[in-house]
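Here the structure is laid out as structure tokens; the discussion comes afterwards.
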Amino acid sequence: MIDRDEGESGPSKYLMVFLIVTGLALLFSQTFPQPSAWLGRILLILCVATFIPVVKQYSRRLLRIEVEGPDWRTRFKLGLFALTGLVLISASQIGSSRIAEATRLAEEKDAAETKRNEELQRLTEKANERVVSAVKTAEIYWQYKNLAKVEETLESASNIPHATNFKPVQELRTRIADSQVKSLVSEATDLIKTGDLDKGREIVLTALKIPHASNVSFVEKLDSHILNAIDPQHNRASLMQLSDTEFQVLQTSGTIPEQFISGYRELDTRIAVLTKAHVAEIVAERKKREQERVERERLAAIAAQKAMEERKALEAAEALVKRKNARAKKIEECFSSWDGSHRGLTSYIKETMNDPSSYEHAKTVYWDRTDHLVVQTTFRGKNGFGALVLSRIKAKVDLNGNVIEVLELEP
């Protein structure tokens, strides 16, 4: 029985291993076609080798075909192995074809993407060259003072498809705007020199509205000087912004602060007249402002002091609560959570009893005397005659649970 079982299990294991290997080869033939192809070729070679006398027996043993078995069974097994080999080879060829096709499509896609990128780069370079050319054309129009044509050309350059470098457009617009600002400021300063400050400021405001100008801080400064000369409100606001030292120099010596001086005689004269006219009233305003500042600082200091006191009071209250909680917890730990008896007093009672084992707790109450407790315990225990009697003891104990003094003992 044992020999027969082993002989039957051998082909079964072989068949199972063969089926698993063949199934895995077919399963992965579309991803890894080479193993399937080699397995199929090996099967076909072994099938052919069974007809060659020299290797016939070895081939049949590898294929587990009986050497002396019936012809129909041998032919059937050979046909099955040959068919399996052909299926494996065909599956591997299909897998190889699919992989090759996927590789070809990926390469074509990469090539198309590269071509598109190259074409886009070429279009971008051409568009950027057109932008530079348009800017040069606009610069020629600017030289002939045809600003309408300049703006039209620059606007067209800004809308050229595929262009990425519009820096030349911005640079030319900035140069044109700076030139216009410079021309307007020159015209405004000529009017200022002749005393026409209102007309000069109109031109200065026009210069401030010109877009794309790179630096208009000097124009804003000139506008501030004009306002200091013609606008009393602006002049007073500027005086209020002076430091105490600068204002004191102005008040005592009449020297106009450096930031009020424009460099134009007519304008500076008007500034000096208006500034000196406001000094007296500015003194009162600055004094009032200083008083308000001091008052704000005083109120802020009071508020800060109040907040600090409230914070300290809160911290003190929290500390007091913590101390009370800690004290209450400490007292609570002196008493048994089971029957409420005082641990220290209970130990004392048992030490003084005739029969400590007869101790029975009845009731415990206590009075808090701040620095100590007065604890009263009622209990039962056997006396010297062996009788169970009810007794009561009142003692003074510290907050750590130690008995300090016995106050009463009944009976």
| Rounded to the nearest 20 Debye, what is the dipole magnitude of the chain about its Cα centre when Lys and Arg each give +1 and Asp and Glu each give -1 at the C-beta? | 1080 debye
| request: Enter the accessible area per residue of region 291-395 (Å², integer; probe 1.4 Å; all protein chains in place). | output: 71 Å²
| field | In Hz, Karplus ³J(HN,Hα) per residue of region 236-245 (6.51, -1.76, 1.60; θ = phi - 60°; x = Gly, Pro) | value | 5, 4, 5, 5, 5, 7, 5, 6, 4, 5
| request: Please go through the residue pairs K126/K167; K209/K276; K221/K276; K322/K394; K149/K199 and name each one whose alpha carbons sit more than 22 Å apart in this structure. | output: K209/K276; K322/K394; K149/K199
| Where does the chain land at 222 nm, in deg cm²/dmol rounded to the nearest 500, when only DSSP H runs of n ≥ 4 count, each adding -39500 (n - 2.57), divided by all residues? | -24500 deg cm²/dmol
| said: Using the Karplus curve 6.51 cos²θ - 1.76 cosθ + 1.60 with θ = phi - 60°, what ³J(HN,Hα) values do you get for each residue of region 399-409, in whole Hz, with x for Gly and Pro? | reply: 6, 8, x, 8, 6, 8, 7, 8, 8, 9, 8
| remark: Quick note, region 202-337: a/c under 1.5 would make it rounded; otherwise a/b > b/c is prolate and the rest oblate (a ≥ b ≥ c, C-alpha gyration tensor); here it is prolate
| K13: which aspartates and glutamates have alpha carbons under 13 Å from its alpha carbon, excluding same-chain residues fewer than 8 sequence positions away? | D5
| remark: Applying the gyration tensor rule to the Cα atoms of the chain (axes a ≥ b ≥ c; rounded if a/c under 1.5, else prolate if a/b exceeds b/c, else oblate), the class is oblate
| query | Counting only heavy atoms of protein chains, what accessible area per residue, in Å², does region 95-212 have with a probe of 1.4 Å? | reply | 66 Å²
| task | Grab the alpha carbons of region 72-192, take their convex hull, and tell me the volume per residue in Å³. | result | 96 Å³
| query | Using the per-residue mean of other Cβ atoms lying within 10 Å as a proxy for protection, in what order, highest first, do the peptides 359-372, 290-303, 217-230, 267-280 fall? | reply | 217-230, 267-280, 359-372, 290-303
| task | Can you send over the carbon and sulfur percentage of the accessible area for the chain, probe radius 1.4 Å, protein chains only? | result | 57 percent
| query | In what sequence, highest mean first, do 47-53, 143-149 appear when ranked by Cβ atoms within 10 angstrom? | reply | 47-53, 143-149
| Once a ≥ b ≥ c are taken as the square roots of the eigenvalues of the Cα gyration tensor of region 303-346, is the result rounded (a/c under 1.5), prolate (a/b larger than b/c) or oblate (a/b not larger than b/c)? | prolate
| Table column - 3J(HN,Hα) (Hz), region 104-114, Karplus curve with 6.51, -1.76, 1.60, x for Gly and Pro | 5, 5, 5, 5, 5, 5, 4, 5, 5, 5, 4
| query | Measuring from label point to label point, each 7 Å out along Cα→Cβ, what is the F218 to N165 span in nm? | reply | 3.1 nm
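The values are calculated or read from the model by the stated rules, or taken from the named source; none is laboratory data. As the structure is a prediction and not an experimental result, all values here were calculated from the model. Positions of Cβ are backbone-derived with ideal geometry, glycine not excepted, and every protein chain shown enters the neighbour counts. Heads up: the accessible areas ignore ligands, DNA and RNA and are worked out on the full protein's heavy atoms, side chains in. Shrake-Rupley method; radii C 1.70, N 1.55, O 1.52, S 1.80 Å.
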